[in-house]
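The values are calculated or read from the model by the stated rules, or taken from the named source; none is laboratory data. Keep in mind it's a predicted model, so treat the numbers as computed, not measured. Quick reminder, even Gly has a Cβ in these numbers, built from the backbone with ideal geometry, and neighbours come from all protein chains shown. Side chains included, ligands, DNA and RNA excluded: accessible areas come from the protein's heavy atoms. Shrake-Rupley method; radii C 1.70, N 1.55, O 1.52, S 1.80 Å.
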Amino acid sequence: MNYFFGINDNLFKSEIQIPLFQNRNLKISNLKLFKTYPKNNKWVLKEITNKKINDFFFVLKNEDILSNEIFFLADETIVDKFDEYKLKNFNNFTDTSPAFRANFKIYLNQGGFSSYQSDYPYSMITKKGSILSSISSIANCDADKNYVLVKNIFEEPIEENFKAYLVNYKTKSIEEQFEIKTNYTNCIEISNKLIKPEIFLVTDRYLGVPMYVSEKNNFLSFEHTHPIHEYILSENKFVKVTNLKKEINEIIS
Amino acid sequence: MKSLVKKLANTNFGILLRNSFNFKPVSLGLFEKNYPVTVSDAFLWRTDNGYKTKFKYSDILNLFYKIKNSWVEFHFYSKNNKLIKIEKVNNLNLSNEFEINSKYLNNLEDYGTFFIYHFSENKNNLNNKDIISNRCYLGYSQNNNLYSFAHGNTLGKFTSIFSKENILTDIVKTSLFQNHTYTIQKYFDNFDKNELFFVNPTSKTIKFSIENKNFKLKSNNSLLVEIKGSLISIKSNCLFLRPTVFSYKGKYFDVHHS
């Protein structure tokens, strides 16, 4: 099951298109759209109505989105099944190959826009861990501004601060650190002077999806990064990634 | 008997039959070889219509295998699969980039594909089961504006990291019939123009249809198709035909994998 998300921020606006069909099967589903968000250590569930623009898509505009909300498709039995203390794998409609995706667009009032096909798989929600992402692999030092959005969704309705670091792999030192929070779409500004091959973004306790935004003259670029284990397709990929993460974690510990 | 059937079902011919009759279809094949493998996506370069392309890639062999003296090779092809040039890059950083403009490609203003292969002579840190794949990031800039980035989208070719083997293809699998449909999960409304970039990552001819138009794409050829509709389904004999999307509005554009 996949969850979807957006961002509500002073810097840019967002829009999400959530399809009601699978990518290999155009049969339209009658599932409904729900959102949930953490409040006082409980998940609050709400149905989203009037956002279906046609048979095929729900579209959430900027005013329909908050950074602590997540969205998912489910039938009406969700109201009985929903556990306010833990997110569940409610249905398998979005378990597809290729992955079931929603178009997540950010835009500026001046006209620039950029999007990617996004999802947050349930399998990531149940795990703790750390993000490791190479800054210069996608940030753009020619841009006026660079940001990393870090979306974390954790199964428990906690709103807990944790740390993100910009780590120098060559000098084995921390260049900068940030407080970000769980169950939120966080936005970190990256100084252009830190867009170098040896700089990595690392988090200490929670996983998440890192997405890179750059802006220049009202043009935008927006793309998520691959999980680092996707560089290796052989069976030893998790050993290789664990070894690299160990090395980096020693820098932040 | 059961294991013999299983073995046959996983041969290339078995997979072709499964895909043709939609019985447990297989999109992507395995790479089991007796050497360590470097896999490349089929990456799109554009120098047409004021475009230039930036390519960002990591030194995977250094980062994960601590191999310091590896190199990469880029193989550039035209949209008709003609080899344009091969470029070797030594002295890699952990993260690297280069720009592809028309001057770099002999003043060619067009589009096509390229591939990246990581090579090393270091046999101590690699074993024959290792497989690496650089999905990388591609930036597209039109009229010298900001590069907009998207990652690799289609596994294309592979070879040995020891650089002594042929380059192989057909990671993506096909069917005898045009019986596989992929619908892009995006509503193409409210744009001035939308383009889809297709690459055939196989050794077979791919037939596909969009908006009641039929297309044939020869092995390793690429094609840009302008679409008009709001909902796009692609019917083809390829099990993984996912185009890169370019959407335009005013002077701005967006690029992403589908």
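Measure up A:LYS196/B:LYS66; B:LYS24/B:LYS204; B:LYS193/B:LYS216; A:LYS105/B:LYS88 against 26 Å on the Cα-Cα distance and list the ones that go over.
A:LYS105/B:LYS88
Per residue of A:212-219, what is the mean number of Cβ atoms on other protein chains within 10 angstrom of that residue's Cβ?
Mean inter-chain Cβ contacts per residue within 10 Å come to 3.
Sort chain B into rounded, prolate or oblate with this rule: let a ≥ b ≥ c be the square roots of the eigenvalues of the Cα gyration tensor; rounded if a/c is under 1.5, and if a/c is not under 1.5, prolate when a/b is larger than b/c, oblate otherwise.
Oblate, because a/c is 1.5 or more while a/b does not exceed b/c.
Which value, in Å², gives the accessible area per residue of segment A:127-204 when a 1.4 Å probe is used on the protein heavy atoms?
On a per-residue basis, 36 Å².
Provide a whole-number value for the mean count of partner chain Cβ atoms within 10 Å of the Cβ atoms in peptide A:59-69.
Across A:59-69, the average partner-chain Cβ count within 10 Å equals 0.
Alpha carbons only, please: Rg and Dmax for the protein assembly as shown, in angstrom.
In order Rg, Dmax, the Cα atoms of the protein assembly as shown give 22.4, 66 Å.
Suppose only helical runs count, i.e. DSSP H with n ≥ 4. What mean residue ellipticity at 222 nm does that imply for the protein assembly as shown under -39500 (n - 2.57) per run, divided by all residues and rounded to the nearest 500 deg cm²/dmol?
Result for the protein assembly as shown: -2500 deg cm²/dmol, rounded to the nearest 500.
Counting only C-alpha contacts under 8 Å and six or more residues apart, can you give the relative contact order of chain B as a whole percent?
So the answer I get is 22 percent.
Which order, highest average first, do B:8-21, A:104-117 follow once you tally other Cβ atoms within 10 Å for each residue and take the mean per peptide?
A:104-117, B:8-21
If the convex hull of the alpha-carbon atoms of segment A:49-197 is projected onto planes in all directions, what is the mean projected area in square nanometres?
Average of the hull's projected areas for segment A:49-197 equals 11.6 nm².
Could you pull out every residue, at least 5 positions away or on a different chain, whose amide H is within less than 5 Å of the one on B:VAL172? Hs are placed 1.01 Å off N in the peptide plane, and Pro or chain starts have none.
B:GLY29
Tilt of helix A:237-252 relative to the longest C-alpha principal axis of chain A, in degrees (0 to 90, nearest 10)?
The angle comes out at about 60 degrees.
Please figure out what share of the DSSP beta bridges in the protein assembly as shown is antiparallel and state it in percent, rounded to the nearest 5.
Here the antiparallel bridges make up roughly 95 percent for the protein assembly as shown.
Calculate one ³J(HN,Hα) per residue across segment B:31-44 by plugging θ = phi - 60° into the Karplus curve 6.51 cos²θ - 1.76 cosθ + 1.60, and present them in order as whole Hz with x for glycine and proline.
Karplus values, whole Hz, x for Gly and Pro: 10, 4, 9, 9, 8, x, 10, 10, 10, 10, 6, 8, 8, 8.
I'd like the mean, over residues of B:243-255, of how many other protein chain beta carbons sit within 10 Å of each residue's own Cβ.
Mean shielding count: 4.
What is the packing order of peptides A:130-143, B:61-74, A:17-30, taking the mean over residues of other C-beta atoms within 10 Å and listing the highest first?
So the peptides A:130-143, B:61-74, A:17-30, ranked by packing, come out A:130-143, B:61-74, A:17-30.
Setting aside same-chain residues fewer than 8 positions from B:LYS52, which aspartates and glutamates have a Cα under 14 Å from its Cα?
Straight-line reach from B:LYS52, under 14 Å: B:GLU97, B:GLU99, B:GLU109, B:ASP110.
Using a 1.4 Å probe on protein heavy atoms, which residues of segment A:93-126 have at least 30 Å² less accessible area in the complex than alone?
Hits at the 30 Å² cut-off: A:PRO98, A:ARG101, A:PHE113, A:SER115, A:GLN117.
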